[in-house]
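What follows is a short report on a single structure.
Read-outs throughout are calculated quantities, based only on the coordinates presented, and are distinct from any laboratory measurement. For clarity, every value in this text was computed on a predicted model and none was experimentally measured. Positions of Cβ are backbone-derived with ideal geometry, glycine not excepted, and every protein chain shown enters the neighbour counts.
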Amino acid sequence: MEFLVASAIGVLTSAGLYLLFRMRTFPVILGISLLTYAVNVFLFTSGRLAVGAPPVLQKGVDGVIYSDPLPQALVLTAIVISFGMTAVVVMIALGAYLGGDDDKVNDAVDASTQPAEDAQ
């Protein structure tokens, strides 16, 4: 089970980094989203992977491994924040695309728009 989750985190991270380096706006947004999912799964697994165990402690049961609710709360908060930030970044990227008719992240700077350097 741990190998499967670790492999999923690795695949999400590598796919996210690949999309992040594509230098186009929407693949970059998708890459950031995949990296966010990888971090969320990592946080969720930091609360221990316990299959078939009760989610909280029960009276009269000793020595049972239970899952920690704090990483679950952190992941829930991170999901909400990442959804909101993704919506904001999509709107900024859409505005930049509609304003410039190009979705490249690293546009070449036009020589006529650069300030002239002082001659020494």
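Side notes on the structure shown:
- Relative protection proxy for 37-43, 89-95, from highest mean packing down: 37-43, 89-95 (other beta-carbon atoms within 10 angstrom).
- Rounded to 0.05, the FRET efficiency of the L74 and Y18 pair, given R0 = 25 Å and the Cβ-Cβ distance, is 0.40.
- Calculated FRET value between F3 and D102, using beta carbons and R₀ = 41 Å, to 0.05: 0.45
- Taking amide hydrogens as placed 1.01 Å from N in the peptide plane, the amide H of R24 sits under 5 Å from those of V105, each at least 5 positions away in sequence or on another chain.
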